[in-house]
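First up is the structure itself, then whatever we jot down about it.
The values are calculated or read from the model by the stated rules, or taken from the named source; none is laboratory data. As the structure is a prediction and not an experimental result, all values here were calculated from the model. Using ideal geometry, Cβ is built from the backbone for each residue, glycine included, and neighbour counts are taken over all protein chains shown. SASA here: full protein model, heavy atoms, side chains in, ligands and nucleic acids out. Shrake-Rupley method; radii C 1.70, N 1.55, O 1.52, S 1.80 Å.
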Amino acid sequence: MKIVYIEDFLDRYPANPVENPDRVRLPALELREAGYEFIKPAPATLEDISKVHGREHIDCVLASGHYAAASRAAGGAIAAAELAVQGSPAFALIRPPGHHASYNRAWGMCYFNSMAIAIKKVRLKAERALIIDIDLHFGDGTVSIFRGDDKVKIVNPGSVDLDYSYLGMDCTGYLGQIEKAMEGFEFDIIGVSAGFDTYEEDWGGLLRLEDYKDIGELIRRGSENCGGRRFAILEGGYHPDLRLCVKSFVEGFH
Ligand SMILES: [Zn+2]
């Protein structure tokens, strides 16, 4: 299990104050202390980014001053996906998040869709991808990018419930959605858009620390169907306990 991280992720850029460098700094300290191996990624290239985003959007991100941060985050996701393909599970501790970025638009503190860029990058080695998006918010950007692609399955447990009963969903129901996500579709790799804002003390008010470990474990077990190829990237999560949520997830996922 490798942690993809570089101190450059701490760079400040104009963002909502909740999306601050401590979101990756504190989990990095926690994971270093726990003894995980760290890998430094390179930024995503313009070529990699252009496989997912249009020129108009890339120019917009350049003009906004977020290009360096967004391409670094995408590079972190690529490194994690490449490690997964080589047989080592990985967690990319990146910011800014990316799952609200679509081909020519982005919102919600996102600029480039790091998950989509990573999945496209390793496509030749892992054609069929299962993306599990555990962020509180529906990963609309990722869905929009892969719409019509029958080699990709995206599941947003919690924000889309097959029984339309998400308001009544408890932790057990949530975990059930994760299990269901891995059924009925053959995949070569699992990518997890790991947002932690569904945490009980965060905006979503549902999942406990131990649930994140269980989610990690369920996905690790599910990945036995694809040779263990699995990676996760940080999306949202804004409570100071984020470092503990990440650690708990990684403990189950590794
Ligand atoms: Zn979110």
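Which one of these is among the hydroxyl-bearing types (Ser, Thr, Tyr) and open to solvent by less than 30 Å² (accessible area, probe 1.4 Å): Ser165, Ser193?
Numbers: Ser165 fails: open to solvent by less than 30 Å² (accessible area, probe 1.4 Å).
The conditions single out Ser193.
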- Query: Pairs under 6 Å by beta carbon, first residue touching a residue at least 12 places away in the same chain (Cβ under 8 Å) in segment 228-254, partner polar (S, T, N, Q) and open to solvent by less than 20 Å² (accessible area, probe 1.4 Å), six or more apart or different chains?
  - Reply: Arg230/Ser223; Ile233/Ser114; Glu235/Ser193
- Which ones in segment 125-160 are away from the ligand (no atom under 16 Å from the Cβ) and within 22 Å of Arg220 (Cα to Cα)? Lys125, Ala126, Glu127, Arg128, Ala129, Leu130, Lys151, Val152, Lys153
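Going by the structure shown, is Asp188 free of Cβ contacts under 8 Å to residues at least 60 places away in the same chain and of a type in the set (Asp, Glu)? It would help to see each step written out before you state the result.
On the way: free of Cβ contacts under 8 Å to residues at least 60 places away in the same chain: no; of a type in the set (Asp, Glu): yes.
When the stated conditions are applied, Asp188 does not pass them.
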- Of those in segment 203-238 that are in contact with a Phe, Trp or Tyr (Cβ under 6 Å, 6 or more places away or on another chain) and within 16 Å of the ligand (Cβ to nearest atom), the residue nearest to Ile189 (Cα to Cα) is Ala232
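Can you work out which of the residues in segment 93-115 that are touching a Phe, Trp or Tyr at 6+ places or on another chain (Cβ under 7 Å) and hydrophobic (A, V, I, L, M, F, W, C) is surrounded by the most Cβ atoms within 10 Å (Cβ to Cβ)?
Quick first cut of segment 93-115, residues touching a Phe, Trp or Tyr at 6+ places or on another chain (Cβ under 7 Å) only: 93-96, 98, 100-101.
When the remaining residues are screened for being hydrophobic (A, V, I, L, M, F, W, C), the result is 93-94, 101.
Details: Leu93: 26, Ile94: 28, Ala101: 33.
The extreme case among them is Ala101.
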- How many residues are in a helix (DSSP H, G or I) and β-branched (Val, Ile, Thr) when one looks only at segment 94-143? 4
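Among the residues of segment 223-241, which ones are assigned to a helix (DSSP H, G or I) and open to solvent by 10 Å² or more (accessible area, probe 1.4 Å)?
Filtering segment 223-241 for residues assigned to a helix (DSSP H, G or I) gives 223-226.
If the condition is that a residue be assigned to a helix (DSSP H, G or I) and open to solvent by 10 Å² or more (accessible area, probe 1.4 Å), then Glu224, Asn225 are the ones that fit.
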- Message: For the list (1) among the hydroxyl-bearing types (Ser, Thr, Tyr); (2) without any contact (Cβ under 8 Å) to a residue 60 or more places away in the chain; (3) within 23 Å of Glu127 (Cα to Cα), I need the number of the one condition that Tyr212 fails.
- Response: (3)
